[in-house]
Amino acid sequence: MINQKSIAVLPFENLSSNQENEYLADGITEEIINALSKVDGLKVTARASSFRYRDAKPDVRIIGNELAVNTVLDGSLRRVGKRVRISTQLIRTDNGFHIWSENFDREIDDIFLLQDEISILIAEKIRENYGHLEIAKHLAGAPTENIEAYELYLKGRFNHLKWDWEGLQNGIKYYEESIAKDQSFALPFFGLAFCFSMIGSWGKRPELLDLADDYISKGFALDKDSDLGHFAKATLAFWGRWDFIEGEKSYRKAIALNPTNSEAMEGLAELYIAIGYFDQAEELTKEALKINPISANHLFTLGNIYYLQGDLERGLSYFDSGLRVDAKFAHCISYKALALIGLSAVDKLTLHLEAYPERDDKVQCLALSELLTDRRDELTEKVNRLLSITEDVGLVGWRLYLLANSHQEDQALELLENVVGRKEGQYINFTHLPLLEPIRKSKRFRELVESTFPESKLPRRGSIKIEESPAKKALLDEAEVVVVDGQLRELMNEEKIYLNPNLTLREMAESIDLNANRLSWFLNDQLGKNFNEFVNEKRIEDFKERALSDDWSHLTLLGLAYECGFNSKSVFNDCFRKITGLTPSKWLKENR
């Protein structure tokens, strides 16, 4: 069942002559997603899933089904010098109907005001069509007064969200340039901290972790309530220092500040995986997939949960699902190979490796597969030759696996003790790795587990407790309800405000000197109708009276509909059928 009050903001198309402005289109899209996420009761698809449609946008009906949303916002950006033109369309996913569209032509210096304006207009249109939402006066703020610093930050984020080494390095460059432009701007400090944390954790450069810590402190001195800041802090604590209690605390804070931050949910799930809290990890990953349903990362994480528990078939199915989303996603490629090795599926493994001719670890992969199916002495000699040229780098610890499965337990344990001692990210799940079964029962392995994951350094086990929003209080008391009801009757029956085809809920509220949130609550809670249902029902009543009157016989039925305030043939026909169960012409024939 699709939540009616739901939206996916598709990546804005960059129509500028300079294709480098793609970072700006992406940045504005993400800011609108973040702004709409602040509206309680509105389900907003996370950035990663929305951005899967960057290069090819199928029919909105397909998007609605894949993302389980009722509306999509599509748009484009064109930049010429210091001016930006943005075109937007809010579209229903059940029938492709355009609920709203508008063009905005502004100076780049007004970009923050524009992002706020667009976000509020979208939220209001969803409220008018699908039900009550409380919308704040502002949804998007101005994180800096320096537009150059902001653009450099967007370039940094555009690069670091590529999630590869080159992207992280470029992200660092732009974040540093952004800070140089405005040292009071918090976000690039957090961006730098995240990049340094990941490189320091996975790239054998632990000196970067202290640098990340320094940037986090500087960022929090400027903004202590940034979800990206707490996400960076959690990344440093968990991946960089294997501090599971502090990592959990910071991930939870990031999620509380931004409930659509599915990357923080995934990070917390990975933390739970590392310490063996698989039920919590599974629960959290499934919550992340509700927000971010076509994320290769989340599908990999769910597959990894099953793989590490020994359910290789089920893990494999999710690795395949991740590859269907992103055929080049390295984690799914590597772990699919590991699952096939564990299943002794040699033929399938060979086909899998042939699909990725660019990979440089095929020899190690096939040797490990042979080790698990044939432990001949000559094979061990082959493995030893491989070990002389194999370093433990990248996503998979091939050297560790080869040692552990070739009767070289002491060397495997020594290697494992060294990398765990250095807290290298690739080995954080060593306790549960199926391919370390030959050394799992040794005393040294058990002691390493106990010293790395002592009970005193683990967060409390339990449910993740994704809490629903508390029930909203009434926005009008009984006396106020009576007053508003009378005012609306006068507006509709005497002033006939519904004849205005461009009437909005906000304008109606201003006509009776009432806050738009309170009027929305009244219509939905007291009358059981959203704004459009309320207004269009009155328009249909007026249409019926005019259609049966000789005074209006000179107009066609559609002309009458326009006279009554409708501005769309399809909306008029849909409303009429919904209310009467008949087409306008059939109703007229039966009632004339």
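All of the numbers you see were taken from the coordinates with simple rules; none came from a lab. What you see is a predicted model, and the numbers here were worked out from it, not measured in a lab. FYI the Cβ positions are ideal-geometry reconstructions off the backbone, even for glycines, and counts take in every protein chain you see.
The table that follows gives values for the structure above.
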{"quantity": "Packing-based exposure ordering (other Cβ within 10 Å, fewest first) of Asp374, Asp243, Asp26, Asp40", "calculated": "Asp374, Asp40, Asp243, Asp26"}
{"quantity": "Contact order relative to length of segment 90-234, as percent, for alpha carbon pairs under 8 angstrom and 6 or more apart", "calculated": "15"}
{"quantity": "Residue order, fewest to most beta carbons within 10 Å, for Trp202, Trp239", "calculated": "Trp202, Trp239"}
{"quantity": "Eligible aspartates and glutamates near Lys253 by straight Cα distance, threshold 15 Å, same-chain separation 8 or greater", "calculated": "Asp223, Asp225, Asp227, Glu263, Glu266, Glu467"}
{"quantity": "Reachable lysines from Lys423, criterion Cα separation under 17 angstrom, eight or more residues apart if same chain", "calculated": "Lys204, Lys233, Lys457"}
{"quantity": "Charge dipole (debye, nearest 20) of the chain; +1 at Cβ of Lys and Arg, -1 at Cβ of Asp and Glu", "calculated": "900"}
{"quantity": "Inter-probe distance in nm under a simple model that places probes 7 Å from Cα toward Cβ, at Asp210 and Arg440", "calculated": "3.9"}
{"quantity": "Helical contribution to [θ] at 222 nm, DSSP H n ≥ 4, -39,500 (n - 2.57), averaged over the chain, rounded to 500", "calculated": "-17500 deg cm²/dmol"}
{"quantity": "Sites Asn18 and Leu366, calculated FRET efficiency, Cβ-Cβ separation with R0 51 Å, nearest 0.05", "calculated": "0.65"}
{"quantity": "Trypsin sites (Lys or Arg not before Pro) restricted to DSSP loop in segment 168-220 with at most 16 other C-beta within 10 Å", "calculated": "Lys204"}
{"quantity": "Net length gained if the chain between Arg54 and Ala355 were fully extended (0.36 nm per residue, minus Cα distance)", "calculated": "105.9 nm"}
{"quantity": "Furthest towards positive pole of dipole, Phe543, Ile135, Asn515, structure part the chain, Cβ charges", "calculated": "Phe543"}
{"quantity": "Length added when fully stretched, Ser568-Lys224, from 0.36 nm per residue minus Cα-Cα", "calculated": "119.0 nm"}
{"quantity": "Point-charge dipole on Cβ atoms (K/R +1, D/E -1) for segment 70-208, about Cα centre, debye to 20", "calculated": "360"}
{"quantity": "Proxy reagent accessibility, fewest Cβ within 10 Å first, across Ile179, Ile579", "calculated": "Ile579, Ile179"}
{"quantity": "Charge context of Asn34, other residues only, Cβ under 12 angstrom, K/R +1, D/E -1", "calculated": "-1"}
